[in-house]
Amino acid sequence: MKKMISFVTDFVSYAIKGGAKYYAWLLFLLFFVLVGAYTTFRQLTEGLILIGATDQGMWELYMSNFIFTAHIAAAAVLVVIPAYIYKRKDMKELAVLGEIIALSFVTIGILFIIYHVGRPERMWHFIPGLGYFNIPNSMLDFDVIVLNVYLIVNLVAVFYLLYKKYIGQPINKKYYTPLIYLAVAWGPLIHICTAYVLSSNARMHSWATAVLPFAFLSMAGASGPSLIIIIFLLIRKYTRLQIDDAVIDLFSQIIAWSLGILLLVLSSEYFTELYSSTEHAASIKYNMFGHNGLNAYVPWFWLTMVLIVGSFIMLLIPKIRKSYNRFLPAVCAVVFLVVLFEKPVILVFPAFVPNPLGEYTEYYPTLVEYFNMLFVWAVGFIGLTLLMKGAIGILTGEVRHPDAVEVKGGVK
Amino acid sequence: MSEERKETIERDDGNETRRDFLKTMGVATVAGAAALMAGPAEAEAKETFAEWFQTHYALMTDEQKKECIERLETRYSEEFGKKTTVSESPALKGVLFGYALNIQKCIGCRRCVQACVTENNQSRHDPEIQWIRVLKMEKGSFAFSADKLDKGYPETSPIGDYGIQVGGNAYTPVGISGETQHYYQPETVPEKDAFYFPVQCQQCEKPPCVKVCPVRATYRDPNGIVVIDYNWCIGCRMCLLACPYWARRFNWGKPNLPPEEMNPKTHYYGNRPRMRGVMEKCTFCLQRVREGRYPACVEACPVGARKFGNLLDPGSEVRKVLDTKRVFRFKEEYNTFPKFFYFID
């Protein structure tokens, strides 16, 4: 118990120490937390009328962002798989960082769902035993279960590994390996489940398609490793933790081919809809070309398509993949942002148009909505930063229990 | 449509703003008075606490139900300043409610909407909630327009210009989109060259909304009506997403229900005042039909386009319509089996 307390205190005191840039980053995030705390209070007291959602378009920026966080959380297993399934030596140490990314993004996602719900104080209706689960009918219930299990699995795995490293004991593979395999299987599962929440609605013509889980997984494969590359490049630059070029190369390959698969998925979806051009194509047509002057999403659609194709071609060029300090992070940032912005302007908002009675509505997010969204992101990124920092301290051996002895295969 | 049935509905646009203003003033006065007279906050907190912890109504014991109903009656009576009853009358035995609507007769006057809002205590503004939407469609324009017939051009090919049509009617949106509107504001109804198609909850036999509800806050009662436990709903809006008829409404903010317009005769699953952040929908006026009365929209219809009754009773009006008229269901392809039928004579 004493060791546990000193683990927490050492971890936290290392995590909150850093250079000027580190503090600037945290203060920058803290600003959004402070503003967002006010807007959150307003939403909780006055209701969702403060956001842009209507009975016509009932999913707001929160749900759009939730889907994106599920992308990243699912993709985080891509750090774990090479290390534990393919036994790559240079990634064994990094697997825990992937799990921290998964942990943070599942938390952000769950927070977004809480913001989405009209009466968050009644969410105890989900607790088994107290409330009622409408299983096996409700896809949202399955999503709640898989997200929470994923959160717990990653929390346990991260804590266990870091703690063992901290006190200088070897990990017990009997417990740890099944846990890791579970996390690896669970990553895609949370994402497939999230896709089913959308695609199970027959009346949402642009969602009720069998390619939706494939689109989600390929977008996860593109956006997740983009963030991972950026984080790894930053870690390599600013900390003592070493990350090989080969690791970065692996992820840029994954992004490139995820984008390739995404292009196939999107083109088959658009082809199937547009060739027959039945009523089902109405929202995609609206998204692509607008309708009677309502065309808020048209430029976004074409920009997204151009950027996806462009990033795919860029990443096929070895010179760009190898440009670790210039082009690669830039392309990664573009892929990350494209997939993030794609969520509201292509996946969610235009899907509600036309509504079942044939109404065309455009969605205008409000300031409260933007700031609440930024609040959740800021909270998530503060958590991610602190966890990453502390974990790096333990991995490099800077944070260590006084009694700990050097374990074999520790720090490089 | 015969001339006698043609009805002129006067629109008092000029007076409306004034009336709204007076209404708002009324609300403000009552709210102020309530704030002054508010008893100890402790009692209120206790009430909210009890309400927060209450379980699903269907799972409650008789004692819990009684307690819950009493709590609601006290709260509503205080809040709206009039004696409010919350009924918990059970579902009728051997009854399956069905509805039939004559689209040939409907004149689009929207008296059904007004009657519904008055009866069912919907929020009057911010958010403005109406359970019935009357769609106006142009006669002869449903995926077809006579003046667009020779517009566009056929695709050319070596064996003659017989390819598919490009432009003209071929570029008109198909299906319901773009063909209907429910915000029409004419001087008089019915308008020339228009027909009307009211849509409300279709009380499906296989309701997609019930299927997706994560906590079973909404379900089909023994009379075939889809009801909501407003105190169990968490406001996730999955049902709104699943409904192919756009029949559900969400209380985005605190409902604005002027006390003087509030209907004090309520039912737990029916028209009792809702709270912020929960769903609501048409219940065929559950508080009325469980007592053997007609839904408010049936009573309000000036042309008798709306028929209501027990589908299990071969002698009922709605069964007669099903047996003798040309009947269809809205969006049958969704496999929802509505108990709301449309017919023509």
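The values are calculated or read from the model by the stated rules, or taken from the named source; none is laboratory data. Quantities reported herein were computed from a predicted structural model and do not represent experimental measurements. All Cβ positions, glycine included, derive from the backbone under ideal geometry; neighbour counts span all protein chains shown.
Screening the range B:235-262 for residues that are touching a helix residue (DSSP H, G or I) at 6+ places or on another chain (Cβ under 7 Å), buried (at least 20 other Cβ atoms within 10 Å of the Cβ) and of a type outside the set (A, V, I, L, M) and picking the one that is nearest to B:Cys201 (Cα to Cα) gives B:Arg248.
Under the condition of being farther than 19 Å from A:Tyr286 by Cα, part of a loop (DSSP other than H, G, I, E, B) and among the aliphatic types (A, V, I, L, M), the residues counted in the range A:193-219 number 2. Which ones in the range A:171-218 are more than 14 Å from every other protein chain (Cβ to nearest Cβ), of a type in the set (Gly, Ala, Ser) and free of Cβ contacts under 8 Å to residues at least 60 places away in the same chain? Those that are more than 14 Å from every other protein chain (Cβ to nearest Cβ), of a type in the set (Gly, Ala, Ser) and free of Cβ contacts under 8 Å to residues at least 60 places away in the same chain: A:Ala185, A:Ala195, A:Ala210, A:Ala215, A:Ser218.
Yes/no matrix, rows are residues, columns are (1) more than 30 Å from A:Thr54 (Cβ to Cβ); (2) within 14 Å of chain A (Cβ to nearest Cβ); (3) without any contact (Cβ under 8 Å) to a residue 60 or more places away in the chain; (4) of a type in the set (A, V, I, L, M):
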position	(1), (2), (3), (4)
B:Asn121	no, no, no, no
B:Gln130	no, yes, no, no
B:Leu135	no, yes, no, yes
B:Glu155	yes, no, yes, no
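Taking the criterion of being in a loop (DSSP other than H, G, I, E, B) and of a type in the set (A, V, I, L, M, F, W, C), the residues of the range B:182-217 that qualify are B:Val189, B:Cys201, B:Cys204, B:Cys213, B:Val215, B:Ala217. Taking the numbered list (1) within 14 Å of chain B (Cβ to nearest Cβ); (2) within 30 Å of A:Ala391 (Cα to Cα) in turn, A:Leu233 passes all entries but (1). Each residue in the range A:95-112 was checked for being over 12 Å from the mean Cα position of the chain (by Cα) and farther than 13 Å from A:Leu162 by Cβ, and 1 of them qualify. Taking (1) in contact (Cβ under 8 Å) with a residue 60 or more places away in the chain; (2) under 30 Å from A:Pro120 (Cβ atoms); (3) hydroxyl-bearing (Ser, Thr, Tyr); (4) surrounded by fewer than 19 Cβ atoms within 10 Å (Cβ to Cβ) in turn, A:Ser104 satisfies each apart from (4). Only a single item in (1) surrounded by fewer than 21 Cβ atoms within 10 Å (Cβ to Cβ); (2) closer than 27 Å to A:Ile394 by Cβ is not met by A:Leu264, and it is number (2). Considering (1) more than 14 Å from chain A (Cβ to nearest Cβ); (2) modelled with pLDDT under 70, the lone condition that B:Gly108 does not fulfil carries the number (2).
Residues in the range B:257-268 include at least one that is of a type in the set (A, V, I, L, M) and either under 19 Å from the mean Cα position of the chain (by Cα) or on the phi > 0 side of the Ramachandran plot (or both).
Rundown of residues vs (1) out of contact with any Ser or Thr (no Cβ under 8 Å at 6 or more places or on another chain); (2) assigned by TED's automatic domain parsing to the domain that holds A:Thr396; (3) not polar (S, T, N, Q), yes/no style:
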site	(1), (2), (3)
A:Ser13	yes, yes, no
A:Lys17	yes, yes, yes
A:Tyr38	yes, yes, yes
A:Gly47	yes, yes, yes
A:Gly52	no, yes, yes
A:Val77	yes, yes, yes
A:Ile85	yes, yes, yes
A:Gly98	yes, yes, yes
A:Gly109	no, yes, yes
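Of all the numbered requirements in (1) within 10 Å of another protein chain (Cβ to nearest Cβ); (2) in a helix (DSSP H, G or I); (3) of a type in the set (D, E, K, R); (4) crowded, with 18+ Cβ neighbours inside 10 Å, B:Arg276 misses one, and that requirement is (2). For the range A:1-55, taking the residues that are outside any helix (DSSP H, G or I), within 20 Å of A:Leu111 (Cα to Cα) and small (Gly, Ala, Ser), the one that is farthest from the other protein chains (Cβ to nearest Cβ) is identified as A:Gly52. Every test in (1) within 12 Å of chain A (Cβ to nearest Cβ); (2) surrounded by 24 or more Cβ atoms within 10 Å (Cβ to Cβ) is passed by B:Arg216 save one, and that test is (2). All of B:Pro314, B:Pro338, B:Pro302 fail the test of being in a loop (DSSP other than H, G, I, E, B) and buried (at least 17 other Cβ atoms within 10 Å of the Cβ), apart from B:Pro338. Residue count for the range B:274-321, restricted to those that are among the β-branched types (Val, Ile, Thr) and over 18 Å from the mean Cα position of the chain (by Cα): 3.
For the range A:328-370, the candidate set comprises residues that are assigned to a helix (DSSP H, G or I), crowded, with 20+ Cβ neighbours inside 10 Å and aromatic (Phe, Trp, Tyr); within that set, the residue that is farthest from the other protein chains (Cβ to nearest Cβ) is A:Phe336. Taking every residue in the range B:90-117 that is in the same structural domain as B:Asp193 (by TED's automatic domain parsing) and surrounded by fewer than 18 Cβ atoms within 10 Å (Cβ to Cβ) and pairing it with any residue that is part of a strand (DSSP E or B) and among the aliphatic types (A, V, I, L, M), at least 6 positions away or on another chain, the pairs with Cβ-Cβ distances below 8 Å are B:Ile103/B:Ile344; B:Gln104/B:Ile344. If you scan the range B:244-269, which residues turn out to be part of a loop (DSSP other than H, G, I, E, B) and at the interface with another protein chain (Cβ under 7 Å from one of its Cβ atoms)? Within the range B:244-269, B:Pro244, B:Tyr245, B:Trp246, B:Trp252, B:Gly253, B:Lys254 qualify.
Candidates are the residues of the range B:322-333 that are within 22 Å of the chain's Cα centre (by Cα) and of a type in the set (A, V, I, L, M, F, W, C); the one that is farthest from B:Gln200 (Cα to Cα) is B:Val327.
Tell me which residues, restricted to the range A:273-296, are away from chain B (no Cβ under 14 Å) and either touching a residue at least 24 places away in the same chain (Cβ under 8 Å) or within 22 Å of the chain's Cα centre (by Cα) (or both). Once the filter is applied, which keeps residues that are away from chain B (no Cβ under 14 Å) and either touching a residue at least 24 places away in the same chain (Cβ under 8 Å) or within 22 Å of the chain's Cα centre (by Cα) (or both), the range A:273-296 yields only A:Ala296. Within the range A:154-177, the set of residues being closer than 30 Å to B:Ile234 by Cα and buried (at least 21 other Cβ atoms within 10 Å of the Cβ) comprises A:Asn154 only.
Exactly one residue out of A:Ile113, A:Ile145, A:Ile135 is in the same structural domain as A:Leu78 (by TED's automatic domain parsing) and closer than 26 Å to A:Ala37 by Cβ, and it is A:Ile113.
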